[in-house]
Amino acid sequence: MPRQTFVLNGRSVTVDVHDDVRVLWVLRDLLGVTGPKYGCGINVCKACTSHLNGRAFNPCSVRVGDLRPHDRVTTIEGLADTGEAAGADLHPMQQAWLDRDVAQCGYCQPGQIMAAVALVRKVRREGRSVTDADLDAIRNICRCGTYTRIREAIAQGERRM
Ligand code: FES
Ligand code: FES
């Protein structure tokens, strides 16, 4: 069985698993990291959204064999330790989610938060702020329809990041 090594939430991990197993199953079933949710498995619903080297990715659509040992995978469990929380227990975007009472059933919410953080980082790299068009382009599905509160929380989280 091939050995796969990558960095997960700041620590190097190694698992014995075939190359073509998707990263989502490695996280959830082999490593017990269940923040990234399974919704579709085909890169449509975005429930599994996490970060790869600081940018949004969908682990249901990436083969574990394509990760390199120095690749950094961050899930919602490791978000507060990425340096943007300034010593707080929660990342500013997580705190915004609580302040705005965004979650309903909660299933899509880890992916929503990870997508929101990646969006703010992306627009900052581009030297601008989040626009309505950016918010309209988010593809994370919420079956509970919490989209209005999500947009409010992203605005707050962006201000505090
Ligand atoms: S489970 Fe990954 S995009 Fe739907
Ligand atoms: S809060 Fe239920 S699916 Fe989004």
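HN-Hα J couplings of segment 51-63 from phi, Karplus 6.51/-1.76/1.60, θ = phi - 60°, integer Hz, Gly and Pro as x?
10, 10, 6, x, 10, 4, 8, 10, x, 6, 10, 10, 6
Calculate the dipole size of segment 38-161 relative to its Cα centre from +1 charges on Lys and Arg beta carbons and -1 charges on Asp and Glu beta carbons; express the result in debye to the nearest 20.
Working: 17 positive and 14 negative charges, 66 e Å.
Here the size comes out at about 320 debye.
Using a/c under 1.5 as the rounded threshold, could you call the chain rounded, prolate or oblate? The axes a ≥ b ≥ c are square roots of the C-alpha gyration tensor eigenvalues, and prolate needs a/b larger than b/c, oblate otherwise. Let's see the in-between values first.
On the way: a/c = 1.89, a/b = 1.57, b/c = 1.20.
Judged from the Cα gyration tensor, the chain comes out prolate (a/c at least 1.5, a/b above b/c).
Using a cut-off of 11 Å between beta-carbons, work out the net charge of the residues near VAL123 (Lys and Arg +1, Asp and Glu -1, VAL123 not included).
Numbers: positive: ARG121, LYS122, ARG124, ARG125, ARG128; negative: GLU126, ASP134, GLU158.
With Lys, Arg at +1 and Asp, Glu at -1, the neighbours total +2.
How many nm separate the modelled label positions at LEU98 and ASN53, each set 7 Å beyond the Cα in the direction of the Cβ?
In this crude spin-label approximation the distance works out to 3.3 nm.
Would you calculate the convex hull of the Cα atoms in segment 80-160 and tell me its volume per residue in Å³? Walk me through the numbers before you get to the answer.
Working: hull volume 7.2 nm³, N = 81.
Measuring per residue, one finds 89 Å³ for the Cα hull of segment 80-160.
Relative to the longest principal axis of the C-alpha atoms of the chain, give the angle of the C-alpha long axis of helix 147-160, reported between 0 and 90° and rounded to the nearest 10°.
Taking the Cα atoms of the chain, the angle to 147-160 is about 90 degrees.
When Lys and Arg each count +1 and Asp and Glu each count -1, what net charge do the other residues less than 10 Å away from THR49, Cβ to Cβ, add up to? Please report the intermediate quantities before stating the final value.
On the way: positive: LYS37, LYS46, ARG139; negative: none.
Around THR49, the charge tally is +3.
Under 5 Å between amide H atoms, partner at least 5 residues away or on a different chain: which partners does TYR38 have, H built in plane at 1.01 Å?
Those qualifying (amide H under 5 Å, at least 5 residues apart or on another chain) number zero.
Where a number appears in this text, it was derived from the coordinates with a stated rule and is not lab data. All values derive from a computational prediction rather than experimental measurement. All Cβ positions, glycine included, derive from the backbone under ideal geometry; neighbour counts span all protein chains shown.
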